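The values are calculated or read from the model by the stated rules, or taken from the named source; none is laboratory data. Computed from a predicted structure; not experimentally measured. Heads up, the Cβs are rebuilt from the backbone with ideal geometry, glycines too, and the neighbour counts pull from every protein chain shown. What goes into the accessible areas is simple: the full protein's heavy atoms, side chains included, and nothing from ligands, DNA or RNA. Shrake-Rupley method; radii C 1.70, N 1.55, O 1.52, S 1.80 Å.
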Amino acid sequence: MKKIILIAIVLLIFVGLIVAVFTIFFDQAVLVRKDTLYRVPIEEKVVALTFDDGPSPVWTPQILDKLKKENVKATFFLLGEHVQKYPQVARRIVAEGHEVGNHSLSHHVLIAYKKQELQKEIRDAEKVIKDITGKTTKYFRPPKAWLTKREKKKVKEMGYEVVLWSLNSKDWVTFDDKYMLSYLMHHIQPGDIILFHDSGGAFSAEGGDRHETVLVIPRLIEKLKERGYRFVTVSELIKLSQQEKK
């Protein structure tokens, strides 16, 4: 009996390690990209920086400071509950010319939600963002990227474009900024949408340590500018892609 228990424990530990490695090093969004916007086909060297889970009273202002210094605009996918808690930070994002998107009200994974629950989660966040920032969002990014085909259809019926990403910084893992920079520079392509976070951690939607994110942002901007890239919001990226097609 003890031997069976020991084997079971070893198996559980092994499975846990496999899940951890998968979560940390594999971008799960690849599995659900169909019928979403995750990058645009474009020849011009442009990319979009995006930030999830904010605003944060600690990390968002530091990221905004870096972006302002580099004269770069980004897209922030905001959580309704965080906008309610930190309205001044949310207003600063908009005041400094950045774009805002909807990241749900509470950051619950929506894959198991009923249609009415999904709609309420998005509409409630939409209202909070509108009331506090004055902006009506048209881009939605689901927490953890997970949405079923049926849910994607419902979100689009609500007037939203589902926006994921083509490059994941994995900054929530708190990778070293040098590692993130090396990874992103090695894989960057025109039309990429890059995922960062200005709040949240591995197991929560708030808090987390975004110190490495704050460090890597100006370095990434500097390196990409040296390669001839410029930075745009998600809506600008879409518009540029449409213009190239004409």
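Looking at segment 99-109, is at least one residue among the aliphatic types (A, V, I, L, M) and in contact (Cβ under 8 Å) with a residue 40 or more places away in the chain? Checked against the condition, which is being among the aliphatic types (A, V, I, L, M) and in contact (Cβ under 8 Å) with a residue 40 or more places away in the chain, segment 99-109 yields no hits at all. Selection of segment 222-246 for residues being open to solvent by 90 Å² or more (accessible area, probe 1.4 Å) and in a loop (DSSP other than H, G, I, E, B) yields ARG227, LYS246. For LEU195, the stated conditions do not hold, so it cannot be described as of a type in the set (A, V, I, L, M, F, W, C) and part of a helix (DSSP H, G or I).
If a residue must be under 22 Å from LEU240 (Cβ atoms) and surrounded by fewer than 18 Cβ atoms within 10 Å (Cβ to Cβ), how many such residues does segment 202-221 contain? Residues meeting the conditions: 0. Within this structure, LYS73 passes the test of being assigned to a loop (DSSP other than H, G, I, E, B), open to solvent by 40 Å² or more (accessible area, probe 1.4 Å), modelled with pLDDT of 95 or more and under 24 Å from ILE238 (Cβ atoms).
Name every residue in segment 155-165 that is surrounded by 19 or more Cβ atoms within 10 Å (Cβ to Cβ) and not in a loop (DSSP other than H, G, I, E, B), in order of residue number. Answer for segment 155-165, where residues must be surrounded by 19 or more Cβ atoms within 10 Å (Cβ to Cβ) and not in a loop (DSSP other than H, G, I, E, B): VAL155, VAL162, VAL163.
Conditions (1) among the polar types (S, T, N, Q); (2) out of contact with any Lys or Arg (no Cβ under 8 Å at 6 or more places or on another chain), marked per residue:
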site: VAL40; (1), (2): no, yes
site: PHE51; (1), (2): no, yes
site: PRO61; (1), (2): no, no
site: LEU64; (1), (2): no, no
site: ASN71; (1), (2): yes, yes
site: TYR86; (1), (2): no, yes
site: GLY101; (1), (2): no, no
site: PHE140; (1), (2): no, yes
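Of all residues in segment 83-96, none satisfies being at pLDDT below 80, farther than 29 Å from LYS156 by Cβ and in a helix (DSSP H, G or I).
In this structure, GLU126 does satisfy being assigned to a helix (DSSP H, G or I), under 19 Å from HIS82 (Cα atoms) and open to solvent by less than 70 Å² (accessible area, probe 1.4 Å).
Looking across segment 49-69, the residues that are farther than 25 Å from ARG123 by Cα and open to solvent by less than 50 Å² (accessible area, probe 1.4 Å) come down to TRP59, PRO61, ILE63, LEU64, LEU67.
Within segment 133-147, the only residue that satisfies the criterion of being of a type in the set (Val, Ile, Thr) and surrounded by fewer than 15 Cβ atoms within 10 Å (Cβ to Cβ) is THR136.
Report yes if SER104 is among the hydroxyl-bearing types (Ser, Thr, Tyr), closer than 23 Å to ALA29 by Cβ, crowded, with 21+ Cβ neighbours inside 10 Å and at pLDDT below 95, otherwise no. For SER104, the condition - among the hydroxyl-bearing types (Ser, Thr, Tyr), closer than 23 Å to ALA29 by Cβ, crowded, with 21+ Cβ neighbours inside 10 Å and at pLDDT below 95 - is met.
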